[in-house]
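Beneath this line is the structure, given in structure tokens, with notes to follow.
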Amino acid sequence: MYIVTAKEMYEVDRYAMEDIGISGSILMESAGRAIAEKMKPLIGTTDRIFVLCGSGNNGGDGYVVARTLLNEGYDVTAVQVGRNLTADAALYQQLYNRLGGHVADVEADTFLSSLESADVIIDAMLGLGVRGALRSPYTETIQAVNSTDALVLAVDLPSGVPADDAADFREAIQADYTFIIEAPKPTAFIQKTAPFYGKWETVSIGLPAAYLGRQAGARTWTKEDVKRTFPVRQPFSHKGTNGKGFLIGGGTEMPGSVTMASMAALRAGAGLLTVGTLPQVIPSVLSHLAEATFTSLAGENGVLVDTENLDVSAYDAVVAGMGMGRGEDTAALTKRVLEQAEVPVLLDADGLYHIKSDLELLRNRQAPTILTPHPGEMAMLLDVKVPQLLEQPFELARKFATVYQVYLVLKGTYTIVTAPDGTQLVNTTGNPGLGKGGSGDVLSGILLAMLMQHEDPLEAIANGVYVHGRAADVLVEDAHSQQDLLATDLMKGLAKVFRDISL
Ligand SMILES: NC(=O)C1=CN([C@@H]2O[C@H](COP(=O)(O)OP(=O)(O)OC[C@H]3O[C@@H](n4cnc5c(N)ncnc54)[C@H](O)[C@@H]3O)[C@@H](O)[C@H]2O)[C@@H](O)CC1
Ligand SMILES: [K+]
């Protein structure tokens, strides 16, 4: 499913009208009619329905919905919010009137209190065109709607929620359902704004699909995508051809992180795995997995430090960062890995801190670099505060990935994977059970294995993120709860997920 910004959507709109010749009024009629059909199952024939129509084209869609419902005998009153209607909105207000529809004025004295009698409120006040802080009478109307008990159904966006990011976001209609035209907008996946949509679904209005696909900078990565792209394990493959991975990490205080990442890499299909860690950490890792091999790396005071003997030439992909600590001597090791490895390198956790002062290193690499920050680590890399990152995750992730030419995995409820060319894939698997220490280590291990078995790094990463979330989902469906789920449990979930994918 594509995810489109307001700018991309307006361009598709322009193309449909100017290049194809579908007029704006036909699009509006199609939108209103299709949305009314979706709403009907949620509305009772005796319900008192108010359709709040703004002055832009979102309001125009509202008048088509109002006319459609009126024509089918529903108890509908349209309400005009804001003045100076667009030509198409004015046309459909007129058609609704001519069919006998009544338009109430939101600014009439007692109108807002009469909203309390509504069973259903259809919100067609503001859509893609909302800009800046909300003005009267939208502000009062939104507050009045949110204080009723009515079922609230929004057209395209809940009024007040911007399409692209939550930077200017203050208040909005709290919808129970939102019927989104053609494709979801980024704010349906952003923490601050997503809850205002309620449940949502997309409604096709006949916009040119291929053109929309070419315009969209982002899309969700689904089970079908995973099945389509997941590499088939070849009958004549062997441990050497399934990838030799190198996992560098762990210190005396954090041996678990590298253990979990290693277990995950092996469970996700890595042919061979070498763990580079402190000699005193090796027994602890070994006690959990007999399949890994080890290389002792130099250490001081219980943490890894840089060593000239480091040899990364024998591997197909390298992961570094987990459990390493943030000291300068350790950072030098991470930088050496980035400089020397001519294969994909994934940095996680402390590894992300190590490169903060040397981001140019990333741009200088020829082979793919993958960074897997959670929001705190991403904010650190970008020099922004976490709340700002959470308001603009799509834009900020894209900026970082394109400037530093990395594959960026911004972890969250909807993990956003961004390629160096700015393409974004959004993951929708996973649940709050993953919000625990160790989940990220497991993800890094899975990604290491995926990167070695797949030609296209973006697909490999998106598949890994999907699989990681899905493992948590199947465990919560079958045996565990979000409460008790542990990162180490995910290994068991992987078995079911991989079996599903290969069916
Ligand atoms: N291709 C598409 O996506 C199509 C979109 N249509 C509809 O058209 C909508 C976009 O229409 P518009 O571009 O006219 O925009 P909107 O109707 O979303 O909003 C524009 C109106 O909102 C007012 N406004 C903007 N910011 C405000 C603020 N902060 N406080 C108070 N008022 C504010 C403006 O003065 C203007 O009257 C979509 O959301 C959708 O519902 C459909 O009609 C058909 C096709
Ligand atoms: K709306």
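The values are calculated or read from the model by the stated rules, or taken from the named source; none is laboratory data. Keep in mind that what you see is a predicted model, and the values were worked out from it rather than measured. Ideal geometry is used to build each Cβ from the backbone, glycine not excepted, and the neighbour counts take in all protein chains shown. For accessibility, only protein heavy atoms count, side chains too; no ligands or nucleic acids. Shrake-Rupley method; radii C 1.70, N 1.55, O 1.52, S 1.80 Å.
Can you tell me which residue in the range 417-444 is most open to solvent (accessible area, probe 1.4 Å), limited to those that are within 24 Å of G323 (Cα to Cα) and of a type in the set (A, V, I, L, M)? Among them, the one singled out is L434. The residue of the range 1-40 that is nearest to ligand 1 (Cβ to nearest atom), among those that are touching a Ser or Thr at 6+ places or on another chain (Cβ under 7 Å), open to solvent by 70 Å² or more (accessible area, probe 1.4 Å) and farther than 29 Å from D225 by Cβ, is M17. When the range 127-179 is limited to residues that are assigned to a strand (DSSP E or B) and under 27 Å from D13 (Cβ atoms), the one that is nearest to ligand 1 (Cβ to nearest atom) turns out to be V155. Across the range 41-80, which residue is nearest to ligand 2 (Cβ to nearest atom) among those that are within 20 Å of H102 (Cα to Cα), under 32 Å from the mean Cα position of the chain (by Cα) and surrounded by fewer than 24 Cβ atoms within 10 Å (Cβ to Cβ)? The selected residue is G56.
Among residues of the range 81-90 being farther than 14 Å from Y138 by Cα and in contact with a helix residue (DSSP H, G or I) (Cβ under 6 Å, 6 or more places away or on another chain), the one that is least open to solvent (accessible area, probe 1.4 Å) is A89.
Taken as a whole, the structure places A487 among residues that are at pLDDT 95 or above and either out of contact with any strand residue (DSSP E or B) (no Cβ under 6 Å at 6 or more places or on another chain) or on the phi < 0 side of the Ramachandran plot (or both).
Within the range 451-468, the set of residues being among the aliphatic types (A, V, I, L, M) and open to solvent by 10 Å² or more (accessible area, probe 1.4 Å) comprises L451, M452, L458. Applying the criterion of at least 2 residues that are under 13 Å from the mean Cα position of the chain (by Cα) to the helices (runs of 4 or more DSSP H) found wholly in the range 340-447 leaves 386-391, 393-404.
Within the range 97-124, the only residue that satisfies the criterion of being within 16 Å of ligand 2 (Cβ to nearest atom), at pLDDT below 95 and not in a loop (DSSP other than H, G, I, E, B) is L115. Does the range 351-360 contain at least one residue that is open to solvent by less than 60 Å² (accessible area, probe 1.4 Å) and closer than 15 Å to L304 by Cβ? Yes, the conditions are met somewhere in the range 351-360. Contact map, the range 220-242: residues that are farther than 15 Å from D500 by Cβ paired with residues that are of a type in the set (A, V, I, L, M, F, W, C) and open to solvent by 50 Å² or more (accessible area, probe 1.4 Å), Cβ distance under 6 Å, separation 6+ or inter-chain. Pairs shown: T220/M1; K239/L272.
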